[in-house]
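Student: Take this structure, written in structure tokens, and hold onto it; I'll ask about it next.
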Amino acid sequence: MTASAPSASPLRVGLIGAGLIARQHLLAMSRLPDVQAMGIASRTRAKAEALASEFAVPLVADSPEELVRQARPDALMVLVSPQAMAGMAFACLSFGLPLFLEKPVGLSVAEAEDVARAAETSGARTMVGFNRRHYSVFRQGLEKIRERGRLLAVHVEGNERMAVARATGRFSDEVLRAWLFANATHTIDLLRHFGGEPEQVFSLCASLREPLGDQFSACLRFRDGALGSYTANWHSPGGWGVVLKGEGVTVEFKPLETGRVAYADGATLTLEPEPDDQGVKPGFVGQLRAFARLARTGVLDAPSQSLAGALLTMRLAGQLAAEPRPLG
């Protein structure tokens, strides 16, 4: 009888940041026994200690340097606030470790370009957390489209609830002013996720209250010929949604976590989230699994995005918001 090969050692991960999003990543990590949190660094030690106690993380550090020195992680997850992300990303590149960065990587295109350029120069392995790219219902929906032929069109509705965002008190004025990049890139990125890279973008943008615009209407042509549209009205009721058009088939995600397929003959099908997306924030287990593979092998599998890919989404957001006109 031949002895079985020993299993690979778990990936040792250090977390920087101890906010609500860090807890969601730790919940996802609890699903993957081959990925272990070895330490948390945060400016707010009490929050880090509470999170470490909840998830049995062995180390709490007061700085990223202390975290790397004492926990000796194989990779880092940078989960700080949007206004702190670019600066923390720059600082962590010097450690030479694979980096997972929560979005946004900056509050402007220029800031994101600086971070992406520095990452490319350093040769760092990077991944940016656009978790919706890892929704199991999205993968299933694309499969249903391709079973019948080509993807013909992608329609994304990206309404933002600005009144709610302001009322929570969680976000600084700096982040609220840059909400286009801080949050709206979640839905803008879905244009690229489903359609690929756009070769033509025609956009109208207006502003009722927000400096970078809050009313958007755009049409796009993707490189493979599919068409796309993006609409968003940030001060009107409504949520996020995606509609995919194929040959004799339409797939709708509204809300995004649910999927419904309609066929030309009248048949319909409901798409159910797979186990990875149940009981935790959808997409988080899938993206963590992808980051672990990146850290171990240097390979970043689709549909994940590196800093370079995230920069393309930031640039597209900038195109959609070109020259916003005041509504008065």
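The values are calculated or read from the model by the stated rules, or taken from the named source; none is laboratory data. Nothing here was measured: the structure is a model prediction, and the numbers come from that model. Cβ atoms come from the backbone with ideal geometry, glycine included; neighbour counts cover every protein chain shown.
Student: Being buried (at least 20 other Cβ atoms within 10 Å of the Cβ) and hydroxyl-bearing (S, T, Y) narrows it down to one residue among Y230, Y263; which is it?
Tutor: On the way: Y263 fails: buried (at least 20 other Cβ atoms within 10 Å of the Cβ).
Answer to the check: Y230.
Student: Can you name the number of the only condition in (1) assigned by TED's automatic domain parsing to the domain that holds Q200; (2) among the small types (G, A, S); (3) surrounded by 21 or more Cβ atoms within 10 Å (Cβ to Cβ) that G241 fails?
Tutor: With respect to (1) assigned by TED's automatic domain parsing to the domain that holds Q200; (2) among the small types (G, A, S); (3) surrounded by 21 or more Cβ atoms within 10 Å (Cβ to Cβ), G241 is out only on (3).
Student: Moving on. Take the conditions of a type outside the set (D, E), assigned by TED's automatic domain parsing to the domain that holds M29 and under 30 Å from A321 (Cα atoms) and apply them to P104. Does it pass?
Tutor: Values: of a type outside the set (D, E): yes; assigned by TED's automatic domain parsing to the domain that holds M29: yes; under 30 Å from A321 (Cα atoms): yes.
Criteria met by P104.
Student: Shifting gears a bit: Residues that are under 30 Å from A322 (Cβ atoms) and outside the structural domain of A321 (by TED's automatic domain parsing): does the stretch 90-101 have at least one? Give the derivation first.
Tutor: In the first step, residues of the stretch 90-101 are kept if they are under 30 Å from A322 (Cβ atoms); the result is 90, 101.
Next, only the ones that are outside the structural domain of A321 (by TED's automatic domain parsing) stay: 90, 101.
Looking through the stretch 90-101, at least one residue is under 30 Å from A322 (Cβ atoms) and outside the structural domain of A321 (by TED's automatic domain parsing).
Student: Restrict the check to the stretch 157-165 and report whether at least one residue is surrounded by 22 or more Cβ atoms within 10 Å (Cβ to Cβ) and in a strand (DSSP E or B). If you could, list the steps in order and put the result at the bottom.
Tutor: Initial filter on the stretch 157-165 (surrounded by 22 or more Cβ atoms within 10 Å (Cβ to Cβ)): 158, 160.
Those left that are additionally in a strand (DSSP E or B): 158.
Yes: one or more hits.
Student: So H193 clears everything in (1) surrounded by 18 or more Cβ atoms within 10 Å (Cβ to Cβ); (2) part of a loop (DSSP other than H, G, I, E, B); (3) out of contact with any Leu (no Cβ under 8 Å at 6 or more places or on another chain) except one condition, right? Which one?
Tutor: Tallying (1) surrounded by 18 or more Cβ atoms within 10 Å (Cβ to Cβ); (2) part of a loop (DSSP other than H, G, I, E, B); (3) out of contact with any Leu (no Cβ under 8 Å at 6 or more places or on another chain), H193 fails exactly one: (2).
Student: Name the pairs: first residue in the stretch 144-168 and at pLDDT 95 or above, second residue of a type in the set (A, V, I, L, M, F, W, C) and part of a helix (DSSP H, G or I), Cβ to Cβ under 6 Å, at least 6 apart or on different chains?
Tutor: Taking only residues 6 or more apart or on different chains, the pairs are L151/I145; V154/F194; V156/L190; V156/L191.
Student: Just checking, does the stretch 256-279 include any residue being touching a residue at least 12 places away in the same chain (Cβ under 8 Å) and closer than 26 Å to V201 by Cβ?
Tutor: yes
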